[in-house]
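Written below as structure tokens is the structure these notes are about.
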Amino acid sequence: MTDLLAGIRVLDLTNVLAGPYCAYQLALLGADVIKVEAPRGGDLARQLGASPKLNQAGMGASFLAQNAGKRSVVLDLKKEADRERFLDLVASADALVENFRPGVMERLGLGYEALKAVRPGLVYCAISGFGQTGPMRDNPAYDQIIQGLSGIMSITGTPETAPLRVGYPVADTLGGLVGAFAIAAALVKQKTSGEGAFLDVSMLECTLSALGWPVSNYLTAGVEPKPMGNENMTAAPSGAFRTGDGLLNIAANKQEQFVTLCQLIGQPELASDSRFAERETRKQNRAALKVLIEAALASASAVAWEEKFNRAGVPAGRVLTIPQVLEERQVTERDMTTRFQGLPGMEQPLTVVRGGFMVDGAAPLPVLPPPVLGEHMDEVFSDLPPRARRSA
């Protein structure tokens, strides 16, 4: 594990995905992340995943995906004694992340102002569906709800199949990434000035922000985004193409790339065809161009074309399944995953995925496996500094 956040303690009060993914990014960078869970069941993700056996054991695949590197304690924050123990933890912490509905922590007497009295420099991050203010603040929010409200579904799929949900919880994931980024930035201020911060992360706003191009096309150019399937509205040929064996993404977005592509597929005359000679005319005639390109691509496999195109500077890549990409040398040689042996309830080793970057050539990998519920109670509370202990 890299040590960019070594010495930083983060309290993770979150459930399911956005919050746990946020805290996982911090754990990967060396933060001491303590997961504070309810005694009865803990994080709901412990019961979620494709393996009923793991779900029953409280170690569901959805939990395993983003909780390695963390320690787990159990506290019932509705009980006075456990709230006092929680305040002990807060006094020792640098940051806290929660994803309850707005107002829940205040009703428990543990809102930002109350925690600031215990730890004045605390960085407090609240992740919610819509943010802490506004007419929708109290609405329950799951990833699919945000996908629909944000406009993502309206531009996903083809004109015939849209609106479609993106195939993974993209809004939850964006909320987690933005939360981790905001916490890291606030920690810089904390370490230089001693001041904390209240971070209000809205999944809807994170998703809208990530929709930069389609939103800008509407706000700036007045063009309402439409679903285009595998096509790229900014260029042609740019999309997914059938080959003799497999689907291939090609992004010949520059003029020189298009000219090279035409030569490589044995159709150099396409580059001077009035329908395709310029960027805008190619976009207008993308359907006809795609038919001609796919006819030429039928002579070889996606694997062969990918190698040929990339070698000549034309961006191309096969459309892979998740099992296929996990076996790619590009992924395996950069230590994208790590394994843990002997986890409770698991007969096979557990493999987890790290974050999306390296530090000084090293992969930030978790050193602890995902915790069993309450596994670190004694360890965490016995290690609290004297200033944080109470005679509870």
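The values are calculated or read from the model by the stated rules, or taken from the named source; none is laboratory data. None of these values were measured; they are calculated from a predicted model. So basically every Cβ, Gly included, is an ideal-geometry build from the backbone, and we count neighbours across all protein chains shown.
Could you pull out the residue among Gly179, Gly212 that is at pLDDT below 95 and either over 30 Å from Leu270 (Cα atoms) or touching a Gly at 6+ places or on another chain (Cβ under 8 Å) (or both)? Walk me through it before giving the result.
Values: Gly179 fails: at pLDDT below 95.
Gly212 is the lone residue from the list that is at pLDDT below 95 and either over 30 Å from Leu270 (Cα atoms) or touching a Gly at 6+ places or on another chain (Cβ under 8 Å) (or both).
Consider Leu247 carefully, then state whether it is at negative phi and in contact with a Lys or Arg (Cβ under 9 Å, 6 or more places away or on another chain). For Leu247, the condition - at negative phi and in contact with a Lys or Arg (Cβ under 9 Å, 6 or more places away or on another chain) - is met. Figure legend. Inter-residue proximity from region 371-386: first residues within 18 Å of Met346 (Cβ to Cβ), second residues at pLDDT below 95 and aromatic (Phe, Trp, Tyr), beta-carbon distance below 7 Å, spacing 6+ or different chains. No pairs are indicated. Close contacts from region 291-317, counting a first residue that is in contact (Cβ under 8 Å) with a residue 24 or more places away in the chain and a second that is in a strand (DSSP E or B) and basic (Lys, Arg), with Cβ to Cβ under 8 Å and a gap of 6+ residues or different chains, come to Glu294/Arg242; Leu297/Arg242; Ala298/Arg242; Ala302/Arg318; Val303/Arg318; Glu306/Arg318.
In region 56-173, which strands (runs of 3 or more DSSP E) lie fully inside it and hold 1 or more residues that are touching a helix residue (DSSP H, G or I) at 6+ places or on another chain (Cβ under 6 Å) and farther than 30 Å from Gly342 by Cα? Talk me through it step by step, then tell me what you get.
Details: elements: 70-74, 95-98, 123-128.
Ranges flagged: 95-98, 123-128.
Residues in region 38-53 that are closer than 21 Å to Asp143 by Cβ, in contact (Cβ under 8 Å) with a residue 40 or more places away in the chain and not in a loop (DSSP other than H, G, I, E, B): Arg46 only. The one condition from (1) within 28 Å of the chain's Cα centre (by Cα); (2) among the hydrophobic types (A, V, I, L, M, F, W, C); (3) assigned by TED's automatic domain parsing to the domain that holds Phe309 that Val215 does not meet is (3).
Across region 328-350, what is the number of residues that are over 20 Å from Glu375 (Cα atoms) and surrounded by 11 or more Cβ atoms within 10 Å (Cβ to Cβ)?
First, pick out the residues of region 328-350 that are over 20 Å from Glu375 (Cα atoms): 328-338, 348.
Going one step further and asking which of them are surrounded by 11 or more Cβ atoms within 10 Å (Cβ to Cβ), we end up with 328, 331-332, 334-338.
Adding up the residues that qualify gives 8.
Considering each of Ala271, Ala252 in turn, give the residue that is farther than 19 Å from Glu306 by Cβ and over 25 Å from the mean Cα position of the chain (by Cα). First the steps, then the outcome.
Values: Ala252 fails: farther than 19 Å from Glu306 by Cβ.
Step by step, each of Ala271, Ala252 is checked, and only Ala271 is farther than 19 Å from Glu306 by Cβ and over 25 Å from the mean Cα position of the chain (by Cα).
Determine, yes or no, whether Phe86 is at pLDDT 95 or above, among the aromatic types (Phe, Trp, Tyr) and out of contact with any Lys or Arg (no Cβ under 8 Å at 6 or more places or on another chain). In short, yes.
Taking region 227-260 as the region of interest, how many residues are in a loop (DSSP other than H, G, I, E, B) and polar (S, T, N, Q)?
Going residue by residue through region 227-260, those that are in a loop (DSSP other than H, G, I, E, B) are 227-237, 243-244, 246, 252-254.
Within this subset, residues satisfying the condition of being polar (S, T, N, Q) are 230, 232, 234, 243, 253.
The qualifying residues number 5.
Condition check: farther than 28 Å from Leu5 by Cβ and out of contact with any Pro (no Cβ under 6 Å at 6 or more places or on another chain). Does Pro344 satisfy that? I'd like the intermediate steps shown before the answer.
Numbers: farther than 28 Å from Leu5 by Cβ: no; out of contact with any Pro (no Cβ under 6 Å at 6 or more places or on another chain): yes.
It is false that Pro344 is farther than 28 Å from Leu5 by Cβ and out of contact with any Pro (no Cβ under 6 Å at 6 or more places or on another chain).
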